[in-house]
Structure formats: C-alpha cells, structure tokens
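First up is the structure itself, then whatever we jot down about it.
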Amino acid sequence: MRNSIKILCFLVLICRFQPLLAQQDGFKNLFDGKTLSGWHGNNPHTTAKAKTDADQEASLKKQQSEFEKHWSVDGDELVNDGKGPYATSDANYGDIEFWVEYKTVAKADSGIYLRGTPQVQIWDTTEAGGKWNRNANYGSGGLFNNSKGAPGQLPLHLADKPFGEWNRFRIVQVGSRTWVELNDKLVVDGAVMENYWNRKLPLPAEGPIHLQTHGGEIRWKNIRVRTIGAEEANRKLRGDDVKLGFESIFNGKDLIGWSGAVADYQVVDGTLQCKPGKGGVLFTDGEYENFIVRLEFKLPPGGNNGLAIRYSGKGRAAYDGMCELQVLDSEHPKYAKLDPRQYHGSVYGISAAHRGYLREAGEWNYQEVTVEGSHVRVELNGTIITDVDVANIAEDKDNAKHPGVSLTGGHFGFAGHNDPVQFRDIAIKRL
C-alpha cells in the first residue's frame, strides 16, 4: 500500500511539473491547458485574399471573433467544432521539433500548417470517410500539398489509430526538409515541403503553426515545440557521409590533396581557412565531372569566398571554370547594391539564388551542391536556393556569354577574396 501511495504521489508531481520539465528539455508548451493564450484565429486562405494591410487587419479581426466562438478548452484539451478559422500560433518558427496529439471523428479531415504553409495531413482513412479518391487510404502524415508523386506527398506507412484513440505526431523541420513520425512510425523522411502559395519559391524561412479546422470536431493536447540550433540542424541534414557514399577531401590537418593557392590558405582548429588579405583559387588534385559536394562554412561579417566548379586549374574560378558559386555574407550593408546574381548561392553572374536562408555571420552553415551535366543545384541549410540549367542562360551580368559554362569536367575548389571564411567536413561523391 505504501509503495502504491508513493508511486501515485510521484505521478502527481510529474504531472504538476510537466510544464517545467518541458522548459528544461528545451521544449515550450504552446497550449497551457487552460486558455487560448498564445493562439489567434487565421485561415490563411482567407487572409491571403486581402489586397491591403488594412483589409488584412480587418479580416484577422473578424476571424478572431469566429475563433473564440468555435475553439474552446475542455480539461487539458484544445477543442474545435469543425468550423471557424484555424488556431494560429502568435509566434513564428523556423527549424523546429514539434509534438502534438490529436483525436478526431469520422468524415473530418484536418492538418498542420508549418511556416504558414499547408500541410501535414490528417485524414479519416476509412472507405466510409469518402476520401479514398484523394489517397486518404494511405494514411495521415503526408505532405498533402506537395506535387503529385513528389517525395513525402504520400506517407510511407498507414499509421493512424482507430477513431476514439489519440494519435501523436513528432514533426522535425529543418529548412524546407520535413520529417514526420505518426504514432512512432516514420511516414515522411526528410522530404522537401513545397511552398503551396508560390511553387517557384522555397518555403519561407519561418512562419506560424496553424492547426487546421475542416468538417468535424478535432481535439488537440500536449502541444510542444523546440527550436533546433545550427549544429543540430547541420547533423540532421547531413546524415552519415560514409553510408551515403561520400569521400572526405579535406583531412582537417593539412593541405595534402590540394593545389593552387596553397600559400593563401591555412588549417585552423580542423577547419580550412582563407588567410586574411589573401585570395587565389585552392583546388583539388583530382578532377570531377558530375558530383555532389557537401560542406559546412562559417562567414565572418562581410565575408566573401566562392566554390570553384569544374575549374581548369588556371585563371579565375568564375570564368575559367564552369562557374563559381558565391559564398557571401549577403545581408551585410556593404553588399546592398550588388547584382542579384552575386549573392550567396548564386551561379556567379549567371543565375540568382533565393535569399534569406543564410545563418547569422559567425554560425556554421551546411551546404550541398549537385552538379550534373549543365544543371546546378544548391541546397543551403535544408532549402534549395538555386536550381538551374546554366546551358539555358544566354548571357551573364556583363551581357556576355560565360566562357567556361560548357566545361564538362575540372577541379573543385575555393575562390578566396581576402576574407577568413572557414570550411570544414568537405566531402564529395561522384555521380
């Protein structure tokens, strides 16, 4: 009896201090179990129709009254009756680990919007639910609004529990890449979440979480979020180089295996660093045709460098190789008036990269570059910022045909521009 009482008291203490524990392990409770604090009403499909800021403000004000009408708190559960605007987090989020439990009813469907974008899908997976024509029979958790057939659009497993039981999501999002576990089964494995609002653009760097309402009661509880830092994000994106077939091309000790401007670079605490005030192109002894290269880099404020792609071994990387991919502290004030084709991740002078996905100067960024034929793709911190066939570009920023763009092979390297930019964990895989 005494042991039972002790166990009961322990469980009571755990429940009482659960919010505190959530804070200690890095998680923040987004629902306090008592009020709608931290949430507001916003159906982004409605708000997106507003043509002016004033119209948007009026729309949100109207939706707030509807939100309070259709959302309520029942014990420790956040409840929606299937109507009204979506529950929207007051705060915006970027790279996160997000946990939530939900329970819904027959013929309802719902979802979770990440960075304000649809959506991790929640289905009635039964035939009676009437949505098998929309692939509800495959189960919940997929990135429903991805293009048909795209990775993640359909879940890898059917993991839903029967009606009346609680389901649990664990969602990890780093850049545009999303991992979804439903009831401890991996249903989306690092797929790129497409930008539903404009598929020509990547997912925004941050945005709110929406809990969608759609056609029937849904209950939510244990809603928690944790921000993922740069180091953890890089590890998650990278995975295991060896298992994935990558070969290290920098040993972290010296410049064995490298040629060119070896006097302009140094090894500092396991990183490859351009010496301050120095430049030139440091390049691999080996040559590559089609390949994927992955690396981490850290920019000092205003830092400038570049990745030499299929470099000839002589001259300037941007012109005497297939191209140079810019490595730049793009948001530094001194670069405010550059040509768009000169910012970070751009095929220098040829094709502009999407901006806004670099980390602050002084933080490590993870980048993966794929070169296949004349096609170049740059993925920065989990977001594809450049995806271009350079053979289709008629002229560069100087209104001339790029001289090296047709090169089919050459060295990989770094094009220094006087700044102590650092690189580490440099690995390559031939295609």
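Quick look at the numbers
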read-out	value
Subset of region 160-204 (residues that are among the small types (Gly, Ala, Ser) and surrounded by 21 or more Cβ atoms within 10 Å (Cβ to Cβ))	GLY175, SER176
Hits in region 129-177 - residues which are of a type in the set (A, V, I, L, M, F, W, C) and under 27 Å from GLY239 (Cβ atoms)	LEU143, PHE144, ALA150, LEU154, LEU156, LEU158, ALA159, PHE169, ILE171, VAL172, VAL174
Selection from region 194-244 of residues that are among the polar types (S, T, N, Q) and in contact (Cβ under 8 Å) with a residue 60 or more places away in the chain	ASN195, GLN212, THR213, ASN222, THR227, ASN234
Complete set of residues in region 273-301 that are touching a strand residue (DSSP E or B) at 6+ places or on another chain (Cβ under 7 Å), closer than 19 Å to ARG316 by Cβ and not in a strand (DSSP E or B)	LYS275, LYS278
Residue that is nearest to TYR288 (Cα to Cα) [pool: residues in region 312-345 that are of a type in the set (A, V, I, L, M) and assigned to a loop (DSSP other than H, G, I, E, B)]	LEU338
Subset of region 276-334 [among the aromatic types (Phe, Trp, Tyr) and either modelled with pLDDT of 95 or more or within 30 Å of the chain's Cα centre (by Cα) (or both)]	PHE283, TYR288, PHE291, PHE297, TYR311
Sole residue being more than 18 Å from VAL174 (Cβ to Cβ), small (Gly, Ala, Ser), assigned by TED's automatic domain parsing to the domain that holds GLU194 and in contact with a helix residue (DSSP H, G or I) (Cβ under 7 Å, 6 or more places away or on another chain), chosen from GLY84, GLY111	GLY84
Residue within region 407-428 that is of a type in the set (Gly, Ala, Ser) and assigned to a loop (DSSP other than H, G, I, E, B) present	yes
Considering residues of region 382-405 that are touching a residue at least 60 places away in the same chain (Cβ under 8 Å) and out of contact with any Gly (no Cβ under 9 Å at 6 or more places or on another chain) only, the residue surrounded by the fewest Cβ atoms within 10 Å (Cβ to Cβ)	PRO403
Candidate set: region 213-261, residues that are outside any strand (DSSP E or B) and among the β-branched types (Val, Ile, Thr); chosen: the one farthest from TYR288 (Cα to Cα)	THR213
Count of region 355-379 residues which are under 13 Å from LEU237 (Cβ atoms) and charged (D, E, K, R)	3
Yes/no for GLY116 being crowded, with 20+ Cβ neighbours inside 10 Å and touching a helix residue (DSSP H, G or I) at 6+ places or on another chain (Cβ under 9 Å)	yes
Count - residues of region 32-75 that are small (Gly, Ala, Ser), at pLDDT 95 or above and over 30 Å from the mean Cα position of the chain (by Cα)	1
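Yes/no per residue for (1) buried (at least 21 other Cβ atoms within 10 Å of the Cβ); (2) more than 11 Å from PHE414 (Cα to Cα); (3) of a type in the set (A, V, I, L, M):
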position	(1), (2), (3)
GLY260	yes, no, no
GLN266	no, yes, no
ASP269	no, yes, no
LEU272	yes, no, yes
LYS278	no, yes, no
LEU295	yes, yes, yes
ALA308	yes, no, yes
PRO333	no, yes, no
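The values are calculated or read from the model by the stated rules, or taken from the named source; none is laboratory data. As the structure is a prediction and not an experimental result, all values here were calculated from the model. Methodologically, a virtual Cβ is constructed for each residue, glycine included, from the backbone with ideal geometry; neighbour enumeration extends over all protein chains shown.
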